[in-house]
Every structure is written in structure tokens, then in C-alpha cells.
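Student: Before we start, here is the structure in question, set down as C-alpha cells.
Readers should treat all values here as calculations from the given coordinates under stated rules, not as data from a laboratory. Everything quoted here is computed from the prediction, not taken from an experiment. As a convention, Cβ positions derive from the backbone with ideal geometry for all residues, glycine included, and neighbour counts pool all protein chains shown.
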């Protein structure tokens, strides 16, 4: 009886320890915010002669956890033809989200115009939080 019990205990333990792992499933998208609004910024965090970092804070937009901060920029305030994006993972436990986007390939001592936005990952739609037009100057 002891031998049977020991054999059975080892078999059950082995099955539990070495069973194929199950893949964790991503939770469904969170409920979209009724209105996404910028609560702080956008602002220039830093600038060098060829790059800049733009930051801003908004209420948590909801939707998919995978998001992008987006900066539309250019030399002409009426033609923001360049885009920089930065991936972010939303924290559902927070009521706000901080976005931080690095803009590279800039010209020294140049004035740039920009607006910020955020969007669901991939080709997801904008969160509809486009900022007013802002400027920064590279070193």
C-alpha cells in the first residue's frame, strides 16, 4: 500500500511540476474614457542640437493597454509633416498617464512647432487628445 501511495504521489507531483505551461491571456481592453484631456503640458523636457524630449500628462485614455505617445512636428506651424512616437503600456490602476516622446534628427538652433496626441497601439485610432500648437528651439 505504501509503495502504491508513494508511486501515485510522485506521479501527481511530477504532472503538476512538469505539465505544459498555459499562456497568460491579456485582459480585454479597458473601458474607453468618455473624454481624454491633457492635464499637464505638453512641455519640452530637454533639447540638444539634434533631438528633443516632449512630455505631457493626460487622464487615462482606456482602451488597449498598449498605447503610443505621438508628436506631430515641423518647421512650419501649418505643416506638421513629421511624426515621432513612443510606446507606452497603460496602468489601469492609475487615473492618469504620463507620455514621453523622443524626437530625433533635428537641426541645430532651429525652431520647431508641434502638437501631441496619443493612440492605441498598432494602427489604432487617436484618443482625440490633440494639444494646442507649441514650439521649442534646439541648441
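Student: What nm value, rounded to one decimal, do you get for the distance between residue 30 and residue 107 when each label is placed 7 Å out toward the C-beta?
Tutor: Once both label points are built, they end up 4.1 nm from each other.
Student: Rounded to the nearest 0.05, what FRET efficiency is calculated for residue 93 and residue 126 with R0 set to 35 Å and r the Cβ-Cβ distance?
Tutor: E(calc), rounded to 0.05, equals 0.90.
Student: Treat the count of other C-beta atoms within 10 Å as a stand-in for reagent exposure and order 72, 67 from fewest to most.
Tutor: With the sparsest Cβ surroundings first, the list reads 72, 67.
Student: Among 96, 113, 73, which comes first, second and so on when ranked by fewest other beta-carbon atoms within 10 Å?
Tutor: Ascending number of Cβ neighbours within 10 Å: 96, 113, 73.
Student: Report, as a whole number in µm² per second, the diffusion coefficient that Stokes-Einstein gives for segment 38-137 at 20 °C and 1.002 mPa s using the Kirkwood radius over alpha carbon pairs.
Tutor: So the translational diffusion coefficient is about 157 µm²/s.
Student: By count of other Cβ within 10 Å, fewest leading, how are 115, 57 ordered?
Tutor: The most exposed by this proxy come first: 57, 115.
Student: I want to check the label-to-label distance for residue 139 and residue 78. Put each point 7 Å from Cα in the C-beta direction and report it in nm to one decimal.
Tutor: Going by the 7 Å Cα→Cβ label model, 3.4 nm.
Student: Just the number, please: Stokes-Einstein D of segment 53-106 in µm²/s, Kirkwood Rh from C-alpha pairs, 25 °C, 0.890 mPa s.
Tutor: Answer, rounded: 201 µm²/s.
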